[in-house]
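The values are calculated or read from the model by the stated rules, or taken from the named source; none is laboratory data. All values derive from a computational prediction rather than experimental measurement. Cβ sites come from the backbone with ideal geometry, for glycine too, and all protein chains shown count toward neighbours. Please note that ligands, DNA and RNA were not included when accessible areas were found on the heavy atoms of the full protein model with its side chains. Shrake-Rupley method; radii C 1.70, N 1.55, O 1.52, S 1.80 Å.
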Amino acid sequence: MTLILASRSFARRAMLDAAGVPHVAMAPGVDEDTAKAAMRAEGLDPRALADALAELKAVKLSRRHPGDLVLGCDQMLATAEGGTLDKPESREQAADQLRGLRGKTHRLISAAVVCEAGAPIWRHVDVAKLSVRSFSDAFLERYLDAEWPAIGGCVGAYRLEGLGAQLFSRIEGSHFTILGLPLLPLMDWLRLRGVLEA
């Protein structure tokens, strides 16, 4: 039985590789933007949205690989005001997002769902709280000079494992959750399933 990661995310693949979790990565073939828009229109809160998107990816790929375990993941950034942010599409949008997060605490919600034969059999949602310091506009410009366009693929316009660490005054929660995968609960479950050694 193979563990298939329904994602091409470099960060998630790197986490699984570093932790010694054998897997293959495949694109789930989901129109994520359309699905997210429809779910937002239904009024799903950020936690439910992350969970539903993770399940959608896992279910779709699991139907094509019914004999394997398929891991779907998603992450949402919930602002202090209760809204959500998506990956910035331009440097200007990244700057706007970071100015909006400045001096406030937001939540990163990471969901993981494992499917087998097209049906969910395990799920976990974890939350980390990140407090952004009141950085100067000059720091913001230097940060974007150094990090754009690499942060274009990062919700919130930062990479905690890089210069983005300088944006924060306090962080509560799992580093793995911040990177987009509740890794420790997943590995606990994989040991129960015999995928990893107990």
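Please tell me the relative contact order of segment 14-107 in percent, rounded to the nearest whole number, where contacts are Cα pairs under 8 Å and at least six residues apart. Computed over segment 14-107, the figure is 21 percent. Annotation: for a label point projected 7 angstrom from Cα along Cα→Cβ of Asp137, residues of segment 73-99 with backbone N closer than 17 Å are 92-99. For the chain, adding -39500 (n - 2.57) for each run of n ≥ 4 DSSP H residues and dividing by the number of residues yields -11500 deg cm²/dmol at 222 nm.
The figure for Met15 is an accessible area of roughly 10 square angstrom, using a 1.4 Å probe on the protein chains alone.
Pairs of Cα atoms nearer than 8 Å and 6+ residues apart set the relative contact order; for the chain it is 21 percent. Residues whose amide H falls under 5 Å from that of Leu85, counting only those 5 or more places apart or on a different chain, are Leu77, Thr79, with hydrogens built in the peptide plane. In this label model, Glu42 and Glu197 are separated by 4.2 nm, measuring between points 7 Å along each Cα→Cβ vector. Between segment 129-156 and segment 84-102, the alpha-carbon centres lie 9 Å apart.
Applying a threshold of 18 Å to the alpha-carbon distances of Lys104/Lys129; Lys36/Lys129; Lys36/Lys87; Lys36/Lys60 flags Lys36/Lys129 as lying beyond it.
When the residues Cys154, Cys115 are ordered by accessible surface, computed with a 1.4 Å probe over the protein chains alone, the sequence from largest down reads Cys154, Cys115. Using every pair of distinct Cα positions in segment 148-188, the Kirkwood expression returns a hydrodynamic radius of 11.4 angstrom. Assuming charge only on the beta carbon of Lys and Arg (+1) and of Asp and Glu (-1), the dipole of the chain about its Cα centre is about 220 debye to the nearest 20. Dipole check for segment 1-118: with +1 at the C-beta of Lys and Arg, -1 at the C-beta of Asp and Glu, and the Cα centre as origin, the magnitude is about 260 Debye.
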